[in-house]
Amino acid sequence: KSNKSDKSDKKKDDKSIIDWIEVKIDRIERKIKKLSTIAESSFKTFSKRNKALADEISQVTKEIDVQQQAYDRYMKEAKSVGLSKDLVKKVKNGTIDINEYDSDTADKIQEYQKWYEAALDCQQAIQDLGETISELYKQKFDNLVTEWTNKVQDLQHIAERTDAQTSRRSDYASE
């Protein structure tokens with residue numbers, strides 16, 4: 001009977017942690033990359049590129065929100081480890097020291113470190129994505145400037161041709 005109890009205890013302890021946050025972030029980043037390819041394509045019309053840029057900005061904004069949620073979740077997970085304030089401070093800031101810990105404490109430190117590092121990665125991603133949004137808005141503005149510059153040049157060319165034709169007709173009529 002104790003053998004059966006040992007097996008059921010073992011089944012309860014054999015749990016693996018799956019981080020679905022990474023999957024969510026990966027899927028958003030794939031969408032952003034696809035939109036970026038369209039937005040940067042010189043073979044697409046300005047309206048298609050600007051629509052792709054607007055969609056890309058929307059997805060980057062969504063990723064910022066997901067990264068913030070991920071940061072909060074990772075920090076919650078880190079706090080649940082139950083590490084002392086002193087060790088939390090050491091994980092966050094480091095120290096010029098080398099210590100030896102029992103395996104239980106070392107496991108807790110490593111687990112806290114894992115979640116804290118993931119949170120820091122999210123924090124960095126949020127900062128980088130903010131820069132990306134700025135660049136996307138600049139690219140969208142530059143596209144509009146280029147599009148309207150091209151239209152003005154086309155109109156100037158038409159006006160020049162019209163002036164030349166009018167001038168020729170005037171010259172012909174006066175002869």
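The values are calculated or read from the model by the stated rules, or taken from the named source; none is laboratory data. The shown structure was predicted, so the numbers you read here are calculated from the model rather than taken from an experiment. Please note: Cβ atoms are built from the backbone with ideal geometry, for glycine as well, and neighbour counts cover all protein chains shown. Heavy atoms of the whole protein, side chains included, go into the accessibility calculation; ligands, DNA and RNA do not. Shrake-Rupley method; radii C 1.70, N 1.55, O 1.52, S 1.80 Å.
No other residue among VAL91, VAL60, VAL81 is part of a helix (DSSP H, G or I), more than 30 Å from GLU147 (Cβ to Cβ) and not acidic (Asp, Glu) apart from VAL91.
When ILE21 is tested against (1) assigned to a loop (DSSP other than H, G, I, E, B); (2) within 20 Å of TYR116 (Cβ to Cβ), only condition (1) is not met. Would you confirm whether or not region 135-143 contains a residue that is of a type in the set (S, T, N, Q) and within 25 Å of the chain's Cα centre (by Cα)? Yes, that holds for at least one residue.
Residues of region 104-156 that are free of Cβ contacts under 8 Å to residues at least 40 places away in the same chain, hydrophobic (A, V, I, L, M, F, W, C) and open to solvent by 60 Å² or more (accessible area, probe 1.4 Å): PHE141, VAL145, TRP148, VAL152, LEU155. Suppose we filter region 70-100 for residues that are within 25 Å of ILE133 (Cα to Cα) and either in contact with a His (Cβ under 8 Å, 6 or more places away or on another chain) or loosely packed, with under 13 Cβ neighbours inside 10 Å (or both); how many remain? Matching residues across region 70-100 total 1. One residue alone among LYS44, LYS11, LYS48, LYS31 is open to solvent by 80 Å² or more (accessible area, probe 1.4 Å), under 30 Å from THR146 (Cα atoms), modelled with pLDDT under 85 and in a helix (DSSP H, G or I), and that residue is LYS48.
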